[in-house]
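Q: I have a structure here, written as structure tokens, and I will follow up with some questions on it.
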């Protein structure tokens, strides 16, 4: 016990890292399930259905499959860099999540905030620093495979990520000017009050620039040129197999989560509730939402499911109902508010991501480049200058 | 030994090892990777000294932007493995001892200066600049040099463009 109280930062941080990794890894796995289900819905299919109830065990099966596949290393590849690249991609993608506050800093254990691993004064800058070296994972993977298609994919993706990173950073500076802080908690607290104080309203242009650049930065449809199947087989990860391939896959999804978290924090008030604090009934929302989900699952269990699937879904139902009941305990209720709103907002963003993937066709490469440099960059620059002028005029 | 001191030695070792690897590596991309390692280690050293902003900018600008361009060019040219030359006699008998002497001298003066004393005392310096203080200095006291530098860089970019266009 002495050791814990002496090294509170170290111990609490390690526990937080372990919990965050577990949660994020599970979320990554189920994100693939979510994406396949939503895209299937858009394309009038069923999506994963047979592995577990509603395909809920599909991510587990996929993970096992990746683990047991043969791990092929091309003989002419640069071995060290070839192995380094996926590690770099995944570890950098996961590191950024350490900076994200999932809830208010006031909730503490041993004097350490619970909902953020690394509470930095310049969190936003650090996040950009880490994402700016995230390019290497993709670029090095393309180069070290020593093969045509990966090299082209790697080159494309580095060019694309460098180009859009400029707009991404510039589109965010408007928010920084408004909030006057680099720290995530400072930015979120500046949006306090209700939905009308969110930065998305004064910074609507900045937000649109941000979300466009963010989709390009994470190499997602319609900007997924690094892995354009029809031209480049699979782009930078063509030569990767087994778990190294899975690591790139996980890195892409982790980047998606980071970018959605950042959008939530910067423009949509992070862990703040959209309603004014005087509406006390909103405290019941997390529990009520989970119980509603549980009731729907109960209906499904009884009506739709048969055999082993019925058993599995009964477990899901119990988890939802139990979680909802816990959220309604008066002591727990205020703690779950922050994470509830944060996760809900991030979930909405990820849904939009998947929605865009299911709807839009891919850009051509020259279109992508001219769009980034000739439209997105000037617009985000103009937004920055406009915001600065407006702030100056209002303050006078 | 406290945690900052341990971190200082780890990052210092990484920075030195990266610098040596940068020179010794035969494939250009390995040299570039070693240079990135040096820059990231330096950033962590800045962080230990309390200069958060400089650390972040070090990674964004050097490791993130400049080195990405380096790697990009190396990939684009597909530069192969370099050949080793035989060491020239000059380098062997004059260069090596002189180099070691220079290193020892620098180490000696750093050790004797106040910087060395402060580093030995465990890193975090009192003169740590907050981001706000830094930007106040940059945009008030040093505004003219700051803007002049940006114009200089713009001219350099234009010059590079002109040179590239002329060869067509």
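Q: Quick one: plug the Kirkwood hydrodynamic radius of chain A (C-alpha pairs) into Stokes-Einstein at 10 °C, 1.306 mPa s, and report D in µm²/s.
A: On the way: Rh = 22.8 Å.
So the translational diffusion coefficient is about 70 µm²/s.
Q: Extending each Cα 7 Å along its Cβ direction at residue B:9 and residue A:360, get the distance between those two points in nm, one decimal.
A: A separation of 5.2 nm, rounded to one decimal place.
Q: Using r as the Cβ-Cβ distance of residue A:109 and residue B:161, and R0 as 45 Å, what FRET efficiency do you calculate, to the nearest 0.05?
A: Details: r = 56 Å, r/R0 = 1.25.
Working from the Cβ atoms, E equals 0.20.
Q: If each of residue A:10 and residue A:65 carries a label point 7 Å out from its Cα toward its Cβ, how far apart are those two points in nm?
A: 4.4 nm
Q: Report the label-to-label distance for residue B:65 and residue A:190 in nanometres (one decimal), using points 7 Å from each Cα along the Cα→Cβ vector.
A: The answer from the label model is 2.2 nm.
Q: Need one number: the % of Cα-Cα pairs in the stretch A:153-198 sitting beyond the 16 Å mark.
A: Counting every Cα pair in the stretch A:153-198, those more than 16 Å apart make up 54 percent.
Q: Once fully extended, how much extra length lies between residue A:393 and residue A:243, figured as 0.36 nm per residue of separation less the alpha-carbon to alpha-carbon distance? Spell out each step's value before the answer.
A: Details: separation 150, 0.36 × 150 = 54.00 nm, distance 5.51 nm.
In short, 48.5 nm is gained.
Q: Between B:13, B:133, B:94, which gets the highest mean-square fluctuation from a Gaussian network model of chain B, Cα cutoff 10 Å?
A: B:94
Q: Which value results for Rg/Rh of the stretch A:1-136 when Rg is the Cα radius of gyration and Rh the Kirkwood radius based on the inverse mean 1/r?
A: Here the Rg-to-Rh quotient is 1.07.
Q: Hey, another quick one. In Å, what Rg and Dmax follow from the Cα atoms of the stretch A:190-344?
A: Expressed in Å, the Cα Rg and Dmax of the stretch A:190-344 come to 20.7, 57.
Q: GNM on chain B, C-alpha springs below 10 Å: top fluctuator among B:76, B:24, B:33?
A: B:76
Q: Given q = 0.14 Å⁻¹, what are the Debye log10 I(q)/I(0) values for the stretch B:10-66, with equal point scatterers placed on the Cα positions and solvent ignored?
A: -0.36
Q: If you don't mind, another one. Say we join alpha carbon atoms closer than 10 Å with springs in a Gaussian network model of chain A; which of A:168, A:21, A:360 then has the biggest fluctuation?
A: Looking only at A:168, A:21, A:360, the largest GNM fluctuation is found for A:360.
Q: Would you compute, from DSSP H runs of 4+ residues alone, the mean residue ellipticity of chain A at 222 nm, taking -39500 (n - 2.57) per run and dividing by the full residue count, rounded to the nearest 500? List each step's numbers first, then the result.
A: Numbers: 16 runs with 263 residues, N = 396.
Dividing the helical sum by the residues of chain A leaves -22000 deg cm²/dmol.
Throughout, read-outs are computed from the coordinates displayed, never taken from laboratory work. Keep in mind it's a predicted model, so treat the numbers as computed, not measured. Cβ: placed from backbone, ideal geometry, glycine included. Neighbour counts: every protein chain shown.
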